[in-house]
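> Pasting a structure here, questions to come.
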Amino acid sequence: VEVTRARPGVDVGRTLRAASAQLRHGEHPAAIESIRSVLAQRPDHPDALHLLGLWQHERGDSPAAVASIRAAIAAWPPDDPVLAGAWNNLGNVLLESGHGSDAVEAYRASLAIDPANAPTWGNLATLLRRLGRPDEAVIAARAGVDHDPTDPQGWFTLARALIETDDVAGGLRAHAHAVALGPVDSVGRDQVVRSLVLLGRLDDAAELYRV
């Protein structure tokens, strides 16, 4: 990674907040300039390394992103609650780069720190389904809806996991709950229909479009 010379008087906190906002708004050249200015001053700064990993991921360099986020995790104090988000982000990068088993471990590490984080439970459940581990996916998806019963996507995720364990009745109940919470979420509905079709449950799939 190219590191620029530190500018005198760099306010690390303010610079990193700016870098985070720049990343969110897609201002990648400005973001990396901010990140590098901090790393020039503090090469082991965990927040800067974490943001560097997110920037690298946005640029499509997954191996570098994984290395940077792992370095950030190693640099943070082990009791820092921000580690939960870093582990979740590492899981996302590992998943998108085809390292599903490693991503499972990253999501579990995140949940060990923040066990009430429903979106991370959802990430884990979705990944376990894709890895052909539907029974574990059901456990993760149930934890997600337990922690946030108002999120329709969590219920859609649970519905797919239940259907893929042959608990079609339970999956349809979870789907109905999801539709009640998010009636305009056609993506979630289509995903559940896809699971039913793959099981050959065409009548059940057709019925969902009439709900």
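> Can you tell me which residue among 26, 85, 98 is closer than 29 Å to residue 128 by Cβ, part of a loop (DSSP other than H, G, I, E, B) and of a type in the set (Gly, Ala, Ser)?
Values: 26 fails: closer than 29 Å to residue 128 by Cβ; 85 fails: part of a loop (DSSP other than H, G, I, E, B).
The unique qualifying residue is 98.
> Would you check which residues across segment 68-82 are of a type in the set (A, V, I, L, M) and in a helix (DSSP H, G or I) and list them?
The answer is 69, 71, 72, 73, 74, 75.
> For segment 39-47, check the following and say yes or no: at least one residue is within 21 Å of residue 117 (Cα to Cα), under 16 Å from the mean Cα position of the chain (by Cα) and open to solvent by 10 Å² or more (accessible area, probe 1.4 Å).
Checking segment 39-47: not a single residue is within 21 Å of residue 117 (Cα to Cα), under 16 Å from the mean Cα position of the chain (by Cα) and open to solvent by 10 Å² or more (accessible area, probe 1.4 Å).
> Which pairs do you get when a residue that is touching a residue at least 40 places away in the same chain (Cβ under 8 Å) and open to solvent by 20 Å² or more (accessible area, probe 1.4 Å), found in segment 123-150, comes within reach of a residue that is among the basic types (Lys, Arg) and part of a loop (DSSP other than H, G, I, E, B), reach meaning Cβ atoms under 6 angstrom, with the pair 6+ apart or on two chains?
none
> Within segment 16-38, work out how many residues are crowded, with 19+ Cβ neighbours inside 10 Å and in contact with a helix residue (DSSP H, G or I) (Cβ under 7 Å, 6 or more places away or on another chain).
Restricting attention to segment 16-38, the residues satisfying the condition of being crowded, with 19+ Cβ neighbours inside 10 Å are 16, 19, 22-23, 31-32, 34-38.
Next, only the ones that are in contact with a helix residue (DSSP H, G or I) (Cβ under 7 Å, 6 or more places away or on another chain) stay: 16, 19, 22-23, 31-32, 34-35, 37-38.
Total satisfying the criteria: 10.
> Another question, if that's okay. Could you please give the count of residues in segment 102-116 that are of a type outside the set (Asp, Glu), under 13 Å from the mean Cα position of the chain (by Cα) and open to solvent by 50 Å² or more (accessible area, probe 1.4 Å)?
Of the residues in that region, 1 qualify.
The values are calculated or read from the model by the stated rules, or taken from the named source; none is laboratory data. This is a predicted model, so every value here is computed, not measured. All Cβ positions, even for glycine, are placed from backbone atoms using ideal geometry, and neighbour counts span all protein chains on display. Accessible surface areas use protein heavy atoms only, side chains included; no ligands, DNA or RNA. Shrake-Rupley method; radii C 1.70, N 1.55, O 1.52, S 1.80 Å.
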